[in-house]
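Heads up: the structure comes next, in structure tokens.
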Amino acid sequence: MLVRFDRQERLYKAIRLIRPVHLNVSRTMEKLLQGAGISVAERAVLELLCEKPLTVPEAARQLSMKRQFVQRVAAGLISKGLIEKTPNPEHRRAYFCAPTAAGRDLFEAIHRRELETLHAVLGDINQTEVVVALRVMMRIDAAFEALAEANEGREERL
């Protein structure tokens with residue numbers, strides 16, 4: 001029997017894997033974060049802020065999360081002394097969130113453990129495979145982000 005290669009069906013199978021991969025990565029991250037004093041969501045926000053200070057709305061957009069949720073996460077990180085509010089010269093009320101030294105140190109330690117885990121379980125994946133996977137995932141993300149934004153615009157007009 002001849003099996004026909006169907007690109008769309010294979011792409012669909014790849015997209016179907018996103019949710020279980022995300023859930024398994026999240027469960028693994030929860031285990032890696034035990035004892036660190038932060039949640040998976042706090043870790044995601046802290047990572048983003050270690051790259052560059054952002055306002056809560058900017059962080060929410062980059063993480064594709066609701067602003068109110070990111071606001072609660074940021075408040076938790078502030079109360080733990082891991083991020084701090086810094087003035088935003090362009091907007092009085094929308095302050096920047098930036099990591100404290102303790103927040104940066106914590107994220108670096110967590111990230112080192114993550115990289116060690118990745119090397120232990122996926123060290124055999126070569127650079128070409130990683131580059132191709134990144135390219136495909138970035139295209140999928142961009143396409144569905146555009147669809148989501150178009151759908152949100154349509155809902156607002158109704």
May I ask you to say which residue of H111, H91, H119 is farther than 30 Å from A143 by Cβ, out of contact with any strand residue (DSSP E or B) (no Cβ under 9 Å at 6 or more places or on another chain) and touching a residue at least 24 places away in the same chain (Cβ under 8 Å)? H91
Name the pairs whose Cβ atoms lie under 8 Å apart, with the first residue in segment 126-151 and over 16 Å from H22 (Cβ atoms), the second of a type in the set (D, E, K, R), and 6 or more positions between them or separate chains? none
Considering residues of segment 112-158 that are surrounded by 10 or more Cβ atoms within 10 Å (Cβ to Cβ) and among the polar types (S, T, N, Q) only, the residue modelled with the highest pLDDT: T117
Does A75 fit the bill of being of a type outside the set (V, I, T) and either outside any helix (DSSP H, G or I) or out of contact with any helix residue (DSSP H, G or I) (no Cβ under 7 Å at 6 or more places or on another chain) (or both)? yes
Report yes if L11 is part of a helix (DSSP H, G or I) and surrounded by 12 or more Cβ atoms within 10 Å (Cβ to Cβ), otherwise no. yes
So, in segment 81-97, how many residues would count as being among the small types (G, A, S) and either touching a helix residue (DSSP H, G or I) at 6+ places or on another chain (Cβ under 6 Å) or more than 23 Å from T55 (Cβ to Cβ) (or both)? 1
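Condition check ((1) of a type in the set (V, I, T); (2) closer than 22 Å to L49 by Cα; (3) in a helix (DSSP H, G or I)) across all residues:
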{"site": "F107", "(1), (2), (3)": "no, yes, yes"}
{"site": "H111", "(1), (2), (3)": "no, yes, yes"}
{"site": "E114", "(1), (2), (3)": "no, yes, yes"}
{"site": "L118", "(1), (2), (3)": "no, no, yes"}
{"site": "V131", "(1), (2), (3)": "yes, no, yes"}
{"site": "V136", "(1), (2), (3)": "yes, no, yes"}
Do you know which residues across segment 64-93 are of a type in the set (D, E) and surrounded by 12 or more Cβ atoms within 10 Å (Cβ to Cβ)? E84
Segment 39-64: number of residues that are assigned to a helix (DSSP H, G or I), in contact (Cβ under 8 Å) with a residue 60 or more places away in the chain and under 21 Å from M138 (Cα atoms): 1
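Of everything in segment 19-32 that's among the β-branched types (V, I, T) and free of Cβ contacts under 8 Å to residues at least 12 places away in the same chain, which residue is farthest from A109 (Cα to Cα)?
Residue satisfying both the conditions and the ranking: V21.
The values are calculated or read from the model by the stated rules, or taken from the named source; none is laboratory data. Source: prediction; values computed, not measured. Don't worry about glycine lacking a Cβ; one is built from the backbone with ideal geometry, like all the others, and counts go over all protein chains shown.
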